[in-house]
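**Student:** Here it is: the structure, laid out below.
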Amino acid sequence: MVVSLSGKVALVTGGSAGLGAAVARRLAGEGCAVAINYASSADRARALADEIAAEHGVRTLVLCGDVASEAVCRDLVERTVAELGRLDLVVSNAGWTRIVNFADLDGVTEHDFDKCYALNVKSHFWLFRAAKPHLASGDEEFGGSFLVTSSVAGLKPAGSSIPYAITKSAAVHLVKVLAKAHGPNIRVNAICPSLLLTEWGKSFGPERIKAVTASLPLKRLPSLDDAADAFISTARNTSITGSIIVVDSGMAVV
Ligand SMILES: NC(=O)c1ccc[n+]([C@@H]2O[C@H](COP(=O)([O-])OP(=O)(O)OC[C@H]3O[C@@H](n4cnc5c(N)ncnc54)[C@H](OP(=O)(O)O)[C@@H]3O)[C@@H](O)[C@H]2O)c1
């Protein structure tokens, strides 16, 4: 069944910029109230919340917090429910990397591994655990939807660093484990984009962006809206769980 998101409440981590902001905009366009989490740029988060509230007439909330912390993840969920009344959908999107070529073994630090694991794997678990009671008690038709932003780097040997690639892969497996154990009311899925032209994506530099684009079967990068659309369509489809949705212009097959 394909259900409406109108009247639902979503929490989007890393929701003030890049992919998270594109998803927040689309959710608001569907009539969904949105809690926008960010880490440091309060003005940008507030401006987005005001913009989408004005444009779509939905309630918005701005929540500061680093999702590496379990306590913060719990707090984000509780504040969303306290302010917006319920929680139907979580977009666990914030992540972290530091660009280090795969061949440069000495360039990788323990901090890289620990921070990648905290932000690309554990944060999803902390958020799922905190959100589970709310998602499980969602309305009969929709239930609850938990969406994780992984990456095509978690599916093939690609991406910004070894710690990033392996933790994005771990996130894919986490999604499958959670989907298996937490039905029937909760659907858990991963979205895997390839390079996107967000601030993060642009940090790869023009040469690498050009080379990646040329290597793709479609010869163009996915747009932010194409990637955001995968979150919306997956959330609306009540038969999809444990799935890995790839939005990559074919990067995974080259
Ligand atoms: N861009 C790509 O090419 C690409 C490709 C595949 C997958 N992804 C994945 O997509 C996700 C979003 O990436 P993006 O490119 O949209 O990034 P982005 O444009 O750099 O946006 C980052 C967002 O995350 C927030 N944030 C950063 N650290 C956080 C933390 N510790 N806790 C909570 N929020 C935090 C930022 O808030 P502040 O600005 O306030 O710090 C901002 O809202 C990541 O999981 C990334 O791995 C990206």
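**Student:** Could you check region 61-91 and list, in sequence order, the residues that are surrounded by 22 or more Cβ atoms within 10 Å (Cβ to Cβ) and farther than 14 Å from Leu27 by Cβ?
**Tutor:** Pass one, region 61-91, residues surrounded by 22 or more Cβ atoms within 10 Å (Cβ to Cβ): 63, 67, 73, 76-77, 80, 87-91.
Matches in region 61-91: Leu63, Val67, Cys73, Leu76, Val77.
**Student:** Go over the candidates Lys210, Lys219 one by one and state the one that is on the phi > 0 side of the Ramachandran plot and surrounded by fewer than 16 Cβ atoms within 10 Å (Cβ to Cβ).
**Tutor:** Values: Lys210 fails: on the phi > 0 side of the Ramachandran plot.
Every option except Lys219 fails the conditions.
**Student:** Would you check which residues across region 21-50 are without any contact (Cβ under 8 Å) to a residue 12 or more places away in the chain and either among the charged types (D, E, K, R) or away from the ligand (no atom under 14 Å from the Cβ) (or both) and list them?
**Tutor:** Of everything in region 21-50, those that are without any contact (Cβ under 8 Å) to a residue 12 or more places away in the chain and either among the charged types (D, E, K, R) or away from the ligand (no atom under 14 Å from the Cβ) (or both) turn out to be Asp43, Asp50.
**Student:** Out of the residues in region 202-212 that are touching a residue at least 12 places away in the same chain (Cβ under 8 Å) and either more than 8 Å from the ligand (Cβ to nearest atom) or small (Gly, Ala, Ser) (or both), which is farthest from Arg44 (Cα to Cα)? Full working, then the answer.
**Tutor:** Restricting attention to region 202-212, the residues satisfying the condition of being touching a residue at least 12 places away in the same chain (Cβ under 8 Å) are 203-204, 209, 212.
Now restrict to residues that are either more than 8 Å from the ligand (Cβ to nearest atom) or small (Gly, Ala, Ser) (or both): 203, 209, 212.
Numbers: Ser203: 19, Ile209: 26, Val212: 29 Å.
Out of the qualifying residues, it is Val212.
**Student:** I need a count of the residues in region 92-107 that are of a type in the set (Val, Ile, Thr) and buried (at least 18 other Cβ atoms within 10 Å of the Cβ).
**Tutor:** Filtering region 92-107 for residues of a type in the set (Val, Ile, Thr) gives 97, 99-100.
Next, from what is left, pick out any that are buried (at least 18 other Cβ atoms within 10 Å of the Cβ): 97, 100.
Total satisfying the criteria: 2.
**Student:** Within region 140-162, which residues are more than 12 Å from the ligand (Cβ to nearest atom) and crowded, with 24+ Cβ neighbours inside 10 Å? Walk me through how you get there before you give the answer.
**Tutor:** As a first pass, look at region 140-162 and keep what is more than 12 Å from the ligand (Cβ to nearest atom): 140-146, 156-157, 162.
Those that are more than 12 Å from the ligand (Cβ to nearest atom) and crowded, with 24+ Cβ neighbours inside 10 Å: Gly144, Ser145, Phe146.
**Student:** Here are some conditions: (1) in contact with a helix residue (DSSP H, G or I) (Cβ under 7 Å, 6 or more places away or on another chain); (2) within 8 Å of the ligand (Cβ to nearest atom). Val2 meets all but one. Which one does it not meet?
**Tutor:** (2)
**Student:** Can you find a residue in region 86-97 that is modelled with pLDDT of 95 or more and out of contact with any helix residue (DSSP H, G or I) (no Cβ under 8 Å at 6 or more places or on another chain)? Full working, then the answer.
**Tutor:** Just the residues of region 86-97 that are modelled with pLDDT of 95 or more, to begin with: 86-97.
This time we only want the ones that are out of contact with any helix residue (DSSP H, G or I) (no Cβ under 8 Å at 6 or more places or on another chain), so: none.
No, that holds for no residue.
**Student:** Within region 5-20, which residues are part of a loop (DSSP other than H, G, I, E, B), surrounded by fewer than 24 Cβ atoms within 10 Å (Cβ to Cβ) and within 12 Å of the ligand (Cβ to nearest atom)?
**Tutor:** Here is the first cut: in region 5-20, the residues part of a loop (DSSP other than H, G, I, E, B) are 5-8, 13-17.
Of the ones still in play, those that are also surrounded by fewer than 24 Cβ atoms within 10 Å (Cβ to Cβ) are 5-7, 17.
Within region 5-20, Ala17 is the sole residue that qualifies.
The values are calculated or read from the model by the stated rules, or taken from the named source; none is laboratory data. Here the structure is a predicted model, which means the values were calculated and not measured. Note that each Cβ is placed from the backbone with ideal geometry, even for glycine, and that neighbours are counted across all protein chains shown.
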